[in-house]
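Remarks on the structure that follows.
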Amino acid sequence: MNKLLFAILFSVLSTAAFAQISNQPRFSLSKSALPADSLSYLEPKDYIIGGVTISGTKNLDKDVLLTISKLNKGDRINLPGEANANVIKNMYSQGLFDDVQLFITKINMDTIYLEIAVVERPRLSRMHITGIRKGEIEDVQKKLSDKTGKIVNENLLSTTTAIIKKHFNEKGFLNTTVTIKQKKDPGDANSVILDVKVDKKQKVMITQVTFEGNSAFSQKKLAKYLKKTRTRKWYNLFGSKKFKQDKYEEDKQNLITQMQDKGYRDAELISDTVFKTGENTVGVKIKLFEGHKYFFGNIKWSGNAKYPADVLNRIFKIKTGDIFSEDELNKRLTGPTPNNDDVSSFYLNDGYLTYQADPVQTKIYHDTVDLDIRVYEGPQYTINRVILKGNDVTNDKVVMREIRTKPGQKFNKELLIRSTREIGQLGNFDEQKTEPKPTNINPQDGTVDIVYNVVEKPSDQIELSGGFGGGQLVGTLGLTFNNFSIRNIFHLKDYKPLPKGDGQKLSLRGQTSGRTYQNYSFTFSEPWLGGKKPIYFAFSAYTQLSSTGQYYAPTNPLYNKLRINGAGITLGKRLNWPDNYFQLNYSLNVDHYNLDNYTGYLFQNGTSYNIKFTQELQRNSLDVPIYPTTGSNIKLTIQATPPYSLFNNINYQIATPEERYHFVEYYKFKYDAQWFTKLAGKLVLMSQVRFGFLGQYNSEVGPSPFERFKLGGDGMQSYQFLQGSDIIGLRGYQNFTVIPVGTNYNATTNPGSSIYDKFTFEVRHPVIQSQSATIFLLAFAEGGNVWNSFDNFNPFDVRRSAGIGARVFLPIFGLLGLDYGYGFDAIPGIPGANKGQFSFSISQSLNGGFN
């Protein structure tokens, strides 16, 4: 009787203890009719496992489950006892099952056969998210897309909640709550649908940031170091006012770094607290230890055999007594510095590819830190091979001729950077993915190979547009092939869809509004004429017909017509002096004008020839052609015609307009300059100055009717109908409405002016920078004006405007732009010329030319 009670009690206690391991796992003594006394908890026996089967699985691999169970055929097992409990525990701990049972299916002497019966947990078929906007739901679903089909357990539910909360925490919604309910999927018995209700609450804003322990740094100065953790104030235009934990962690590190850079090398953050100041507001309190302000002491150089210490000190620029800054120390030794004038660049530009420098703080006393800069120079390396990879379309020679690092030269970091820039200037490759890499570094013979990895990008452009210009609807079709190959024009196998790969440019363009306006142009350019030297060659031709009156009725007094034909040729070369960023071009152009009762010039009837010689000196050091961030683009243009009045024997005092302007004479100067400067992060300032002057040889002849300056509007050459004029944009004003004081022109009759200037400041910030698109936003302030003589010229008496805009660069379409500008200065006689104006631009280059 006592043994029976003990057996029952042992069985109950065992079951109760095992029930704590799982919800419903069970061990059955028998699944078939076995003798009742074949197993006893009082007398467990050793058995040999004859086989194990898995039942109840739908989606899980049975072999994997057998491995998890740790039951292997041939192993010994003691039953009943701890072994059977461990099997169920191992299975249940995976979180894959709602129920696990272990059955004995057969006992044959000392051999036992087992079955593990499982009930799988349901899987997720889909989530139904509510409580937030449609766009927010789509963003959250993208982050949770990998959850579909997974087993629904506590881990999945907690992970889903955490992902959603993190998503909204990053946007400033720190009080976001997530409620998840499960329901059966009517289409699948072993699947569930999760109803996820999101309440993001309101954004949590920062109301105060305070510091303790600071004496050398003011509260205001320290607050500036927290660039992404700013308080909510009306004048705080930049920096987030929302509290974001990840940005706050970055700011704390930046705070200490900034203090250390000011000489406080012992500065550290002792503690920080984020506390609630309201239902949706928090405050931040930071306790600091400043320590002493340190200075550089004695500076010693070790290991330098190539250059003496006095030379290295001049490049190093840090002197005894300067404020100690580890960041500045590392920049001066290893770069990068804005002008690449650090010690590392000095060595790398002289072939010392494996240069290293280790600044050791040998002594720290009072407020002074002594340094021993231990230099490893290594051998001087010579370039063995230059290898190009990734140019699937562009021929090797087109890229290799732009590369400045040549075999046999000493390794030079500056030429490596310059080569990368020149490859980007071709326009055929993704500038951000052009990667030069030294490889096969051989210290024994001092040689190194350089591999340039490039990624081709679409460079051809198509312009297909319709728009209003000159009071009429204009359709445009333009094709520009930026990597053309004229030598393969008769080789059909090289058409992709046109022959490509030689870096030439072919442009075809047509505009028409029907019978009233037609313009067709052709341009071809070759940057390396002959293929051996950088001799630039270009040929262009165009024809234009304009008629703003009754073209079909010449006797009608409103009838007017303009026909212009033109052609030009350009030759140019790269210069090595004053430096090798200069380019000098010479051009000869001939334009033929035929006017029939046509307004907009200084005469309305007759034939005129404009034969002009142009010399253009340009220095372009922009880092990349698309969204430049550093460098400048400066251009000086001198243009002139022959001085016909000196030898044509025409009496200009009595000459008719047809005689006066049959051969146009003038000289012309233009200066255009842009500078790009990094402000902070990716923010870039573009500063621009433009000036133009149109002069005359003979006062009796008078000013030229062509090549004059027209200011105002979007500055788009392609949508103006008076060829022979320089069109300069000035946002915030209507096209051509900026006229000299005292004149009464309108946009239609404005013949242009002899003098203009323009100043622009434009702050740019990129939104997207990739191979497929470049998008940036901008804010601008600019001013410009025109004059007819130097007697009235005042360079700073300008019509002013300001506004915002956006640019989208798509390789196939070029640059698309939209600006809204507000002109602050009224134009007498032209109401509405200023005030708010939208400007749309298309197919202009990013680094401007000059707009």
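Where a number appears in this text, it was derived from the coordinates with a stated rule and is not lab data. What you are looking at is a predicted structure, and each value in this text was computed from that prediction instead of being measured. Here the Cβ is made from the backbone with ideal geometry for all residues, glycine too, and neighbour counts use every protein chain on show.
Below are the figures for this structure:
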| read-out | value |
| --- | --- |
| Cα-derived Rg over Rh, computed across the chain with Rh taken as Kirkwood radius | 1.12 |
| Net charge contributed by nearby residues that have their C-beta within less than 13 Å of R76 (K/R +1, D/E -1) | 0 |
| With at most 16 neighbouring Cβ atoms within 10 Å, loop GluC sites (Glu not before Pro) (DSSP) excluded, longest segment of the chain | 291-699 |
| Cα Rg, Dmax, region 295-376, angstrom units | 12.2, 40 |
| Mean separation of Cα contacts under 8 Å, 6 or more apart, over the residue count of region 205-289: relative contact order % | 38 |
| Ellipticity estimate at 222 nm from DSSP helix runs (n ≥ 4, -39,500 (n - 2.57)) divided over the chain, nearest 500 | -4500 deg cm²/dmol |
| Kirkwood-Stokes translational diffusion coefficient of region 222-340, alpha-carbon pairs, 37 °C, 0.692 mPa s, µm²/s | 191 |
| Relative pair counts by distance (%), Cα atoms of region 205-289, 5 Å bins | 3, 14, 27, 27, 17, 8, 3, 1, 0 |
| Mean separation of Cα contacts under 8 Å, 6 or more apart, over the residue count of region 123-199: relative contact order % | 44 |
| Positive-end residue, the chain charge dipole about Cα centroid, Cβ charges, pick of L545, H592, P828 | P828 |
| Among L65, F790, Q260 - extreme Cα towards positive end, dipole of the chain, charges at beta-carbon | L65 |
| Within-13-Å neighbourhood charge of G692 [Cβ basis; K, R +1; D, E -1] | +3 |
| Under 26 Å between alpha carbons - lysine pairs in region 277-365 that sit 8 or more apart or on different chains | 17 |
| Values of log10 I(q)/I(0), in the order q = 0.12, 0.13, 0.23 Å⁻¹, for region 382-453 under a Debye, Cα-only, solvent-free model | -0.29, -0.34, -1.00 |
| Helix axis angle, 413-425 relative to the chain longest principal axis, alpha carbon, degrees | 70 |
| Of all DSSP beta bridges in region 205-289, antiparallel share, percent nearest 5 | 60 |
| Charge dipole (debye, nearest 20) of the chain; +1 at Cβ of Lys and Arg, -1 at Cβ of Asp and Glu | 1220 |
| Approximate shape of region 722-851 as ellipsoid semi-axes (Cα gyration tensor, √5λ), whole Å, largest first | 29, 15, 13 |
| Per-q log10 I(q)/I(0), region 581-685, q = 0.11 Å⁻¹ (Debye; single scatterer per alpha-carbon; no solvent) | -0.56 |
| Only Lys, Arg (+1) and Asp, Glu (-1) charged, at Cβ; region 133-255 dipole about Cα centre in debye | 740 |
| Mean Cα-pair separation over length for the chain, i.e. relative contact order, pairs under 8 Å, 6 or more apart, % | 5 |
| Quarter of the Cα convex hull surface for region 123-199, i.e. its orientation-mean projected area (nm²) | 4.8 |
| Crossing angle, helix 245-261 versus the chain [Cα axis fit, 0-90 degrees, rounded to tens] | 70 |
| Cα-Cα P(r), region 273-417, percent of pairs per 5 Å interval | 2, 8, 14, 14, 12, 10, 8, 7, 7, 6, 5, 4, 2, 0, 0 |
| Cβ-based net charge around V311, under 15 Å, with every Lys or Arg adding one and every Asp or Glu removing one | +1 |
| Helix axis angle, 82-92 relative to the chain longest principal axis, alpha carbon, degrees | 20 |
